[in-house]
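One structure, as structure tokens, below. Some questions next.
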Amino acid sequence: MAEATAPKSYSLDAVKKPLKRARVNRPSKLRTSITPGTVLIILAGRDKGKRVVFLKQLESGLLLVTGPFKVNRVPLRRVNQRYVIATSTKVDVSGSDVAKFDDSYFAGEQKKKEKKSEGEFFETEKKEKKVVSQARKDDQAAVDDKILAAVASEPLLKEYLSARFSLTSGDKPHRMQF
């Protein structure tokens with residue numbers, strides 16, 4: 001009786017199927033210290049050290065925050081909760097409507113890159129400054145109006161939000177009460 005041996009070549013139809021992954025990307029769980037109206041300190045990025053007001057958690061798990069813009073120049077933006085410290089200070093944000101803000105609101109426009117000729121490649125052009133649309137400005141103003149009214153009602157809260165957070169030598173952040 002002849003033993004069955006492996007064939008010398010395999011057919012092209014025997015293509016491996018990729019394994020199905022059981023993982024599903026879920027938004028991260030919101031920290032218990034972060035609730036709508038909590039003042040947060042941003043730890044990284046262009047606004048690091050600034051205090052902002054938390055509005056809501058987006059579907060992606062990122063936090064929607066605002067400065068307000070008139071107080072500390074922080075616009076409506078998304079921040080990962082890993083890069084914030086929650087403080088015990090609260091602001092009343094119940095009047096502001098943030099239902100229309102989601103991750104698609106912050107998605108940038110995709111531009112197709114054009115191929116440049118050799119002459120254009122070596123020319124140094126100044127980059128065009130990004131212009132903020134009027135709709136974005138109106139959205140910012142609508143959200144900030146309600147928050148600014150709440151900030152004005154609290155003494156020294158406007159100064160607190162406009163002040164930057166920083167550490168100096170000798171400061172022990174793990175012992176600080178925020």
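Along the range 37-52, what does the Karplus equation 6.51 cos²θ - 1.76 cosθ + 1.60 (θ = phi - 60°) give for ³J(HN,Hα), rounded to whole Hz, x for Gly and Pro?
Whole-Hz 3J(HN,Hα) from phi for the range 37-52: x, 5, 7, 10, 10, 7, 9, 9, x, 5, 9, 5, x, 8, 9, 10.
Can you tell me the Rg and the Dmax, both Å, for the Cα atoms in the chain?
Cα radius of gyration and Dmax of the chain are 25.4, 96 Å respectively.
Turning to a different aspect of this structure: For each pair in K17/K111; K48/K158; K56/K158; K70/K129, compute the distance between the two Cα atoms and list the pairs where it is over 24 Å. If you can, show how the numbers build up before the last one.
Working: K17/K111 35 Å; K48/K158 18 Å; K56/K158 21 Å; K70/K129 21 Å.
Over 24 Å apart, Cα to Cα: K17/K111.
Roughly what would the spin-label model give for Q134 and L156, points 7 Å off Cα along C-beta, in nm?
Placing both labels 7 Å along Cα→Cβ, they lie 4.2 nm apart.
Among the listed pairs K50/K146; K29/K130; K29/K172, give every one whose C-alpha distance is greater than 22 Å.
Numbers: K50/K146 20 Å; K29/K130 34 Å; K29/K172 28 Å.
Beyond 22 Å: K29/K130; K29/K172.
Provide the solvent-accessible area of I85, counting protein heavy atoms only and rolling a 1.4 Å probe, rounded to the nearest 10 Å².
Roughly 40 Å² of I85 is accessible to a 1.4 Å probe.
To continue, here is another question. Going by alpha carbons, how many degrees (0 to 90, nearest 10) lie between the helix axis of 134-153 and the longest principal axis of the chain?
50 degrees
Set the Förster distance to 35 Å, then compute FRET efficiency between R23 and H174 from the Cβ-Cβ distance, nearest 0.05.
Working: r = 33 Å, r/R0 = 0.95.
My answer for the efficiency is 0.55.
So what's the convex hull volume per residue for the Cα atoms of the range 4-98, in Å³? Display every interim value, and only then the final one.
Working: hull volume 18.7 nm³, N = 95.
Normalising the Cα hull of the range 4-98 by residue number yields 197 Å³.
The values are calculated or read from the model by the stated rules, or taken from the named source; none is laboratory data. Keep in mind it's a predicted model, so treat the numbers as computed, not measured. With ideal geometry, Cβ positions are generated from the backbone for all residues, glycine too; neighbour counts draw on all protein chains shown. Keep in mind that these areas ignore ligands, DNA and RNA; they rest on the heavy atoms of the full protein, side chains included. Shrake-Rupley method; radii C 1.70, N 1.55, O 1.52, S 1.80 Å.
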